[in-house]
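In what follows, a structure is listed as structure tokens, so that the remarks can point back to it.
The values are calculated or read from the model by the stated rules, or taken from the named source; none is laboratory data. All figures in this text were calculated on a predicted structure; none of them were measured in a lab. Virtual Cβ from ideal backbone geometry, glycine too; neighbours counted across all protein chains shown.
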């Protein structure tokens, strides 16, 4: 694996880990997401620190270059993460819609109840 790619992998993994830890300390990231990012960073760090793993895996799968294997693995992992986040966002949007409808119905019911109270007086 190219030395330049190894250095980039190590630097990116270090700064990403630093950023994730910073977000955890500020309580700006959920535990589930932080676990994913820490595991992802460790995977990138291992590929940068021990290039023979990338070389062996790329040879086993049939890549011409270990760099292609690394890039494809990173892209694929991030696409999977993006897909699962899309599912989570869709569920949250459905919950928000249902919640806002319930609030609107409750307010409507309260308005009707207040009108009935004023009519009785």
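A few remarks follow.
- Restricting segment 18-33 to residues that are within 16 Å of residue 78 (Cβ to Cβ) and surrounded by 14 or more Cβ atoms within 10 Å (Cβ to Cβ) leaves a set whose member that is modelled with the highest pLDDT is 20.
- Lone qualifier among 46, 41, 74 - being closer than 30 Å to residue 2 by Cα, surrounded by 10 or more Cβ atoms within 10 Å (Cβ to Cβ) and in contact with a helix residue (DSSP H, G or I) (Cβ under 6 Å, 6 or more places away or on another chain): 41
- Out of 55, 80, 103, one residue alone is assigned to a helix (DSSP H, G or I) and modelled with pLDDT of 95 or more. It is 80.
- Among the residues of segment 9-38, the ones that are out of contact with any helix residue (DSSP H, G or I) (no Cβ under 7 Å at 6 or more places or on another chain) and in contact (Cβ under 8 Å) with a residue 24 or more places away in the chain come to 1 in all.
- Odd one out for residue 64, checked against (1) surrounded by 15 or more Cβ atoms within 10 Å (Cβ to Cβ); (2) not in a helix (DSSP H, G or I): (1)
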